[in-house]
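Every number here is computed from the coordinates shown, using simple stated rules; none is lab data. Please read all numbers here as calculations on a predicted model, not as lab measurements. Glycine gets a Cβ as well: all are built from the backbone with ideal geometry, and neighbour counts include every protein chain shown.
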Amino acid sequence: FTPPCDNVDVLVNTIGRPVPDYEVAVVKDDGTVAAVGEEGEIRVRGEFIMNGYWRRPEATAEALTEAGWLRTGDLARRRADGNLEIVGRLKEMFKSGGYNVYPLEVEQALERVASVAVAVVVPVPDPLYNEVGHAFVQPRVGKELSVEDLKRHCEGQLANYKIPKEFRIVKELPILPVGKVDRSAVKKMAVGAAV
């Protein structure tokens, strides 16, 4: 939660801080609790957590730890002020050259370009780096974009391994009925283009 008196930075850049009614931990891949500023999966535990999936013990074992923690799949960083910053989704993260790449971080960097309406980054197999990012960028109505400008912007915002290896400017991205970008369709577009 974020109280109404929090500053704009907290309201815009975080999902707030946990309420004391339940436990929240940011847990690294090795199962240890992440330090302030380190990335990890958000896990929650409390009376409101589900007991499991109906007649699906494998899914329950995947979602809940033996100690009763729910694995949310959301990746975050705990800030020094106790607020959490979302980094991405565990299922969307990919490894490029041994480094973790979170598409959300790259998409947010691209969407800071004034002419960009929406950006989606998906992983594509690569013989050298295992996977690399491909960016699909939809410009704002009436605005022009160039691949060179997008690359230059990313170079000033991101570590080299996070910069997409390919940029495609598209008129429209495929949308799901709920209004979100259809990442599966975008990934098919990316893999098809890479073949």
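In deg cm²/dmol and to the nearest 500, what is the mean residue ellipticity at 222 nm of the chain if only DSSP H runs of at least 4 residues count, each as -39500 (n - 2.57), divided by the residue total?
On the way: 5 runs with 45 residues, N = 195.
Helices in the chain give a 222 nm mean residue ellipticity of -6500 deg cm²/dmol.
Using Cα springs under 10 Å in a Gaussian network model of the chain, which residue among Ile49, Ile86, Ile163 shows the largest mean-square fluctuation?
Looking only at Ile49, Ile86, Ile163, the biggest GNM fluctuation is shown by Ile49.
Determine the distance separating the Cα centre of the range 56-112 from the Cα centre of the range 14-36; give it in Å without decimals.
A separation of 11 Å, based on Cα centres.
Compute the signed sum of charges (Lys and Arg +1, Asp and Glu -1) over the other residues within less than 12 Å, Cβ to Cβ, of Met93. Present the calculation step by step, with values, prior to reporting the outcome.
Working: positive: Arg89, Lys91, Lys95, Lys162; negative: Asp29, Glu39, Glu41, Asp74, Glu92, Glu105, Glu131.
That works out to -3.
What is the mean projected area of the alpha carbon convex hull for the range 141-193, to one decimal in square nanometres? Spell out each step's value before the answer.
Values: hull surface 19.4 nm².
Mean projected area for the range 141-193: 4.9 nm², to one decimal.
In the Gaussian network model of the chain, springs joining C-alpha atoms below 10 Å, which of Val178, Val26, Val101 carries the largest mean-square fluctuation?
Between Val178, Val26, Val101, it is Val178 that shows the largest mean-square fluctuation.
Could you give the distance between the Cα centres of the range 127-145 and the range 147-166, to the whole Å?
The distance from the Cα centre of the range 127-145 to that of the range 147-166 comes to 10 Å.
Roughly how many nanometres apart are two label points built 7 Å out from the Cα toward the Cβ at Asn130 and Asn160?
1.9 nm
How large is the dipole of the range 3-98 about the Cα centre if only Lys and Arg carry +1 and Asp and Glu carry -1, each at its Cβ, rounded to the nearest 20 debye? Display every interim value, and only then the final one.
Values: 13 positive and 17 negative charges, 49 e Å.
The calculated dipole for the range 3-98 is roughly 240 debye.
Can you tell which of Phe94, Phe48, Phe167 shows the greatest fluctuation in a Gaussian network model of the chain with Cα springs below 10 Å?
Its mean-square fluctuation being the largest, the pick is Phe48.
Can you divide the C-alpha Rg of the range 41-121 by 2.2 N^0.38 Å and report the result to two decimal places? Numbers along the way, then the final one.
Numbers: Rg = 16.3 Å, N = 81, 2.2 N^0.38 = 11.7 Å.
Normalised Cα radius of gyration, the range 41-121: 1.40.
So if R0 is 35 Å, what FRET efficiency would Asp182 and Ala67 give, r being the distance between their Cβ atoms, rounded to the nearest 0.05? List each step's numbers first, then the result.
Numbers: r = 36 Å, r/R0 = 1.03.
Efficiency computed from Cβ-Cβ geometry: 0.45.
For the range 87-173, what is the relative contact order in percent, using Cα pairs closer than 8 Å and at least 6 residues apart in sequence? Each step should come with its number before you reach the end.
Working: 153 pairs, mean separation 24.8, N = 87.
Here the relative contact order equals 28 percent.
Given labels modelled 7 Å from the Cα in the Cβ direction, how far is it in nm from Ile15 to Met50?
Modelled inter-label distance: 1.6 nm.
List the lysines whose Cα sits under 20 Å from the Cα of Lys165, skipping any in the same chain fewer than 8 residues away.
Qualifying lysines at Cα under 20 Å: Lys95, Lys151, Lys187, Lys188.
Once you have the Cα-Cα distance between Glu38 and Leu90, take 0.36 nm times their residue separation minus that, and quote the gain in nm to one decimal. Let's see the in-between values first.
Numbers: separation 52, 0.36 × 52 = 18.72 nm, distance 1.46 nm.
Length gained between Glu38 and Leu90: 17.3 nm.
Shape verdict for the range 93-183, please, from the Cα gyration tensor: rounded (a/c under 1.5), prolate (a/b greater than b/c) or oblate. Write down the numbers at each step before the final one.
Working: a/c = 2.01, a/b = 1.34, b/c = 1.50.
Note, shape of the range 93-183 comes out oblate.
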